[in-house]
Structure formats: C-alpha cells, structure tokens
Amino acid sequence: MDLKPALFLDRDGVINVDHGYVHRVADFEFMPGIFALARAAQALQMRVVVVTNQAGIGRGLYSEADFAALTRWMCERFAQAGAVIDRVYHCPTHPTEAVGAYRVDSPLRKPHPGMLLAARSELGLDLPASALVGDKLTDIQAGLAAGLGLNMLLQGTAAAADLPAGAMRVHSLMEAARQLQAFRCGPGPAAGYTARP
C-alpha cells in the first residue's frame, strides 16, 4: 500500500480559539491562518486529520451529538475555504474528572498516541513523514510517541515550557505552514499553495 503523509491538527487552540469547552457554532472562532495551513498541507499531498481531546463530553458539559453537529459544520467551513479535513478523531474520556464509563485512562487520550495510531491504520499513513500542530505539551508528546517527523507547538498556554527533543515552537499558523513546506520538500513555496487566510 502506498502510504500517505498527514498533517495532524489539534482542535481547540489550533483550529479555533480555545474559549474553554467549545461546543456551539456561536462560540467557534477560527484561528488566523488555519485554512491556509490546511491548503498548504493538501498542496503537499498530505491528508489533514484532526485529533482532539474532548473531555467536556465525559464531564457532562455537552453531548456526543453536540460534538458531531459542530464537527460537521467545521468540516463544511473548511471545504468552503478550499481545504478538506480527511478525518476527525476525538477522545471524550478523562482519567479523573469524567463521569461513569467516560472516567478511564484511555489510550486514545493525548498525550497517548492512540488517535494518531488509529489514523495510521485506517487511512494508511506514513507517520515519520507526517507532522502535527498542537498548542499543549500533551499534543507534542502524542506526536513524538507516534513517531511523527515534525511536531510543532503553537505559542499558547504551553509556550513558556521547555520543549522535548524533536519538537519546535511556532508563533503562528502561517509559520507552521512554512515549516511544513520545508519539512516536506525544502524551502520555497509549495506547488499550488495559496497564502490567504
């Protein structure tokens, strides 16, 4: 099978501004540059995969149906912007704060790499040729554990923390797009890449 590289994106803090347990369209504010980053990945023949912890479900703050409806809307907005999200993975559990069956230390919940490994199996991904953008150290830890070739921490809540070896900090999603280009094929514009927000 011909394996494909992927760009893995965290959701809250990378795709949208992290206002805390976002689960309604009215509260969903796209981060500057996110559509351009996704288009850059696609120009580089990379799949775009979202991997997001959603403990708000496990805490009872919103439902799986709420998450699914918002995800459908989000994917439609990406498509309208000329970028396709190939798959969205989420983990609704939390090891200590969730209720009922959601209270478990799931191998899918970042910093565990379970969602990335599931994507590898289901989408036929080349993980060493793949990249991740996250805004928390748990995102980076998941990417490193999965063996991704490029792990980028978007400056945010974890920006002041020491980065593990094998990770880098970026200060914007446009910078992440440039780093992605350099990682995949050296410096210079990606074929078909359009730098618009």
Exercise. Given (1) open to solvent by 50 Å² or more (accessible area, probe 1.4 Å); (2) outside any loop (DSSP other than H, G, I, E, B), where does residue 140 come up short, assuming only one miss?
Worked result: (1)
Exercise. When the residues of the range 15-44 are filtered to those that are open to solvent by less than 10 Å² (accessible area, probe 1.4 Å) and of a type outside the set (A, V, I, L, M), which remaining residue is nearest to residue 113 (Cα to Cα)?
Worked result: 16
For this session: State whether the residues of the range 158-166 include one that is modelled with pLDDT of 95 or more, open to solvent by 40 Å² or more (accessible area, probe 1.4 Å) and not in a helix (DSSP H, G or I).
Result: no
Exercise. Within the set of pairs 6+ apart or on separate chains, which have a first residue in the range 82-94 that is surrounded by fewer than 17 Cβ atoms within 10 Å (Cβ to Cβ), a second that is at pLDDT below 95, and C-beta atoms under 8 Å apart?
Worked result: 82/194
Problem set entry | Which numbered condition residue 107 misses (of (1) within 25 Å of residue 145 (Cβ to Cβ); (2) surrounded by fewer than 21 Cβ atoms within 10 Å (Cβ to Cβ); (3) touching a His at 6+ places or on another chain (Cβ under 8 Å)) | (3)
Exercise. Quick one: would you say residue 120 is basic (Lys, Arg), touching a strand residue (DSSP E or B) at 6+ places or on another chain (Cβ under 9 Å) and either within 22 Å of residue 181 (Cβ to Cβ) or modelled with pLDDT of 95 or more (or both)?
Worked result: yes
Problem set entry | Hey, residue 47 open to solvent by 40 Å² or more (accessible area, probe 1.4 Å), among the charged types (D, E, K, R) and either within 14 Å of residue 88 (Cα to Cα) or free of Cβ contacts under 8 Å to residues at least 12 places away in the same chain (or both) or not | yes
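The values are calculated or read from the model by the stated rules, or taken from the named source; none is laboratory data. This structure is a prediction, so every number in the text was calculated from the model and none was measured. Note that each Cβ is placed from the backbone with ideal geometry, even for glycine, and that neighbours are counted across all protein chains shown. SASA here: full protein model, heavy atoms, side chains in, ligands and nucleic acids out. Shrake-Rupley method; radii C 1.70, N 1.55, O 1.52, S 1.80 Å.
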